[in-house]
1. Out of 94, 281, 20, whose Cα points farthest toward the positive end of the dipole of the chain (charges: +1 Lys, Arg; -1 Asp, Glu; placed on Cβ)?
2. For residue 164, project a label point 7 Å along Cα to C-beta. Then give me every residue of the stretch 50-83 with its amide nitrogen under 15 Å of that point.
3. How far, in degrees from 0 to 90, does helix 231-247 lean away from the longest principal axis of the Cα atoms of the chain, to the nearest 10?
4. Tell me the net charge near residue 287. Cut-off is 14 Å between Cβ atoms, residue 287 excluded, with +1 for each Lys or Arg and -1 for each Asp or Glu.
5. Give the residue list of trypsin sites (Lys or Arg not before Pro) in the stretch 24-94 that are DSSP loop and have at most 11 other beta-carbon atoms within 10 angstrom.
6. Give me the angle, in degrees from 0 to 90, between the Cα long axis of helix 294-306 and the longest principal axis of the Cα atoms of the chain, rounded to the nearest 10.
7. Within the stretch 165-191, what residues put their amide N at less than 15 Å from the label point 7 Å along the Cα-to-Cβ vector of residue 74?
8. Length gain on complete extension for the stretch residue 147 to residue 67, per 0.36 nm per residue less the alpha carbon to alpha carbon distance?
Amino acid sequence: AQERYASIRDLPAKALCGSVVGLHMNAGLLADLPSLGPSGAEGVGLFRTELQFLARNAVPRRGELASLYSRVMDSAEGRRVVFRTLDIGSDKVLPFMKREVEPNPALGWRAIRVGLDKKGVMRMQLQALIRAAAGRPLAVMFPFIAQFEEFKEARQRLLDEVALEERRGSAVPARLEIGAMLETPSLAYAPRQFYEMADFISIGGNDLKQFFFAADRENERVRRRYDTLNVSYLTFLEHIVERCADTGTPLSFCGEDAGRPVEALAFAAMGLRALSMRPASIGPVKSLLRRVNLDEARACIDEARGSGAQSVRSALRDWLRVQD
Ligand code: PEP
Ligand code: MG
């Protein structure tokens with residue numbers, strides 16, 4: 001499929017109105033990195049770090065992780081890689097960690113909540129990331145931040161580790177970007193200071209959508225009821241776009257929906273300028289974005305929103321049919 005889009009691989013996802021959307025890839029293994037070039041991705045917008053923890057019976061060693069992260073950065077050849085700290089719990093259960101049975105694991109002790117409570121594991125991972133970067137830029141994002149305080153604390157831990165390394169005389173990252181994943185509706189309404197403090201924000205649409213509609217992402221029966229192009233959801237995304245624009249906070253979207261061309265078009269039309277997706281989706285998404293005018297797509301969405309429709313999907317599909 002990548003051959004099909006080879007002719008646009010090195011071209012930007014520039015829409016007819018002139019807006020450019022940055023397309024990045026999601027990854028979780030060193031073996032994913034060779035897709036970076038052929039897919040035409042600008043970088044890795046989400047590197048999930050769970051797999052190295054899930055695939056074994058003990059906590060991985062700091063040295064092992066540092067060497068893996070360093071090889072990931074080597075393979076990216078200077079392109080940006082956003083490392084997401086350990087996101088366990090809910091659908092991702094560590095074989096070696098004792099945990100209580102939770103009635104609602106998706107709403108339970110997971111992701112940054114575990115990281116903040118289990119200080120040692122998060123510290124080890126942050127140290128591995130700092131060591132891997134050594135003299136190179138480092139971008140870290142914390143998953144499942146529900147309130148400003150959690151981001152502040154996680155960010156401070158990372159800054160403290162960097163300061164410690166510096167005092168030890170070790171090489172530290174040349175530049176540090178610290179971001180948050182917006183996966184809970186609460187974070188969209190966090191104080192302005194949160195938006196100012198975050199170097200970037202990435203919408204984790206898989207989780208955000210499940211919490212927005214109160215519909216389990218693992219449960220096909222309820223998941224399918226709610227369209228990503230639902231008017232309420234798009235209006236909510238618009239609110240996040242506006243808040244980020246207000247504070248100049250770079251915003252991206254890294255859930256699976258970013259890789260679906262019509263969804264990607266809607267997100268871009270709502271003002272999102274960076275999307276991260278599986279490598280195979282980059283060609284199809286870019287191909288679509290290059291042949292449309294986002295202002296006109298936005299007008300189509302706004303008209304559908306004004307009509308009282310539940311979803312803008314059919315309006316957007318009809319509109320797409322009469323392009324080119
Ligand atoms: C998300 O929630 O959209 C996301 C990117 O993270 P994950 O799918 O790993 O929860
Ligand atoms: Mg998530």
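Nothing in this text is a laboratory measurement; each read-out follows from the coordinates by a stated rule. What you are looking at is a predicted structure, and each value in this text was computed from that prediction instead of being measured. Cβ coordinates were reconstructed from backbone atoms using ideal geometry, including for glycine residues, and neighbour counts include every protein chain displayed.
1. 94
2. Residues 62-63 fall inside that zone.
3. With both axes taken from Cα atoms, the answer is about 60 degrees.
4. +4
5. Those satisfying the criteria are 61.
6. Rounded to the nearest ten degrees, it is 80.
7. Answer for the stretch 165-191: none.
8. 25.6 nm
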